[in-house]
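A short reminder: the numbers here are calculations on the coordinates, not readings from a lab. Note that the coordinates shown come from a computational prediction; the quantities given were computed from them, not determined experimentally. FYI the Cβ positions are ideal-geometry reconstructions off the backbone, even for glycines, and counts take in every protein chain you see.
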Amino acid sequence: MVKRRTMRNFLDALVAVLAGNAIYFLLMPHLPTPIRHRLFKEDLGLLVDFCICTVIFVAVKYTRRNEE
């Protein structure tokens, strides 16, 4: 039971990160320069990417809330 829940949480997080990063990197060329992420830098682009991933994670959890 616990392993199943852990695996489900891991897969939910993986989906959120992969989808969020894909969306962000598709949008990145159209974003203003200050919120574009630069490799190996902590910047506003990283925050925007994190927010997109978080929204997707919450949406996935919300849609799976009644599964058991």
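Taking segment 46-66 as the range and being surrounded by 12 or more Cβ atoms within 10 Å (Cβ to Cβ) and either among the aromatic types (Phe, Trp, Tyr) or at positive phi (or both) as the test, the residues that pass are Phe50, Phe57. Mind listing whichever residues of segment 16-45 are assigned to a loop (DSSP other than H, G, I, E, B), exposed (fewer than 14 other Cβ atoms within 10 Å of the Cβ) and not basic (Lys, Arg)? Listed by number, the residues that qualify are Pro32, Leu39, Phe40, Glu42, Asp43.
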